[in-house]
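Accompanying notes for the structure given below.
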Amino acid sequence: MSEELGLTSYLRPYLDSLGLDSFKHGANFATGGSSIKQGGYSPFHLDVPISQFRQFKARVIDIDNSTQQEKGKSDLPKPEDFSKALYTFDIGQNDLAFGLGNSSESETLASIPSILDLFSAAVQQLYSEGARVFWVHNTGPFGCLPDRISKYPKKPGDLDKNGCVIPLNELAQEFNMQLKSKLIQLKASLTGAAFTYVDAYTAKYNLINTAKAQGFVDPLDFCCREKVVVNGTVYGGPCANPTKHISWDGTHYTEAANKWVSKFILNGSMSDPLIPINQACHA
């Protein structure tokens, strides 16, 4: 996103100290393993970055009010920038994955409305802080992640033509359908707010479906990890050419795969409405 928008640097992590780079173009509040709901893989559920954002904004306003900095020289955004910024979300898959690991598929499915109520509350908090433009990724086809496939108890008819686990992908699709419905509700209730719903699921599944035609190896193969044998099938192991793989550890995409997917996410072809990232703030 930073490259597509022509920023001079990537967004700084919020917990970085000043002096290393600039927060002028925004801040990154994301953490690995985070979830919307409390009690997942990470203690950084969605309420935490929302709270950090509010602290960040308050400090920016306080510093702006208490110092006379030379125009254009500050490492911080201006107070008025918060209402013009693009607020991006890519969260939810860890909620589903953690749910599946600690409860049944039906229970995880039933938890989706409550998870999205928490997401909606977070968006409304940002709106109350002046946020108006939101760019929201749906969740990907985690039934196609090699790590998930290797652990899923196989039943006849559970795998699609690409070897992906159909019930897991159906769960992701249900989450995405409810997420889109929630964004429609938010747009109707939050005056002046603009939402772009980004279908990252389809972008990622299209890559998996056409992997070999795009120059990748078997999309269910991965590398940079010890070999694991499950029911006689070998998974993982070092790769001679990591750029030809979609997953590097069975769960996360490689740089090459992310680059392929991001092209379709950033150009707006997977967005509703159909706008590219560089026009999202003007929709």
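The values are calculated or read from the model by the stated rules, or taken from the named source; none is laboratory data. The model shown is predicted, which means the values in this text are computed figures rather than measured ones. Heads up, the Cβs are rebuilt from the backbone with ideal geometry, glycines too, and the neighbour counts pull from every protein chain shown.
Observations
- Subset of the range 120-142 (residues that are in a helix (DSSP H, G or I) and touching a Phe, Trp or Tyr at 6+ places or on another chain (Cβ under 8 Å)): VAL123, LEU126
- Some residue of the range 209-218 being acidic (Asp, Glu), closer than 23 Å to ASN267 by Cβ and in a loop (DSSP other than H, G, I, E, B): no
- Residue count for the range 138-196, restricted to those that are within 21 Å of the chain's Cα centre (by Cα) and of a type in the set (Asp, Glu): 3.
- Among the residues of the range 32-43, those identified as buried (at least 18 other Cβ atoms within 10 Å of the Cβ) and either in a loop (DSSP other than H, G, I, E, B) or among the aliphatic types (A, V, I, L, M) (or both) are SER34, ILE36, LYS37, GLY40.
- Complete set of residues in the range 173-220 that are more than 26 Å from ILE36 (Cβ to Cβ), surrounded by 13 or more Cβ atoms within 10 Å (Cβ to Cβ) and out of contact with any helix residue (DSSP H, G or I) (no Cβ under 7 Å at 6 or more places or on another chain): ASN209, THR210, ALA211, ASP218
- Single residue of the range 143-175 satisfying the filter (among the small types (Gly, Ala, Ser) and assigned to a helix (DSSP H, G or I)) that is modelled with the lowest pLDDT: SER150
- Selection of first residues in the range 1-17 that are in a strand (DSSP E or B) and of second residues that are exposed (fewer than 13 other Cβ atoms within 10 Å of the Cβ), restricted to Cβ pairs under 8 Å at least 6 apart or on distinct chains, gives the following pairs, ordered by first then second residue: ARG12/LEU20.
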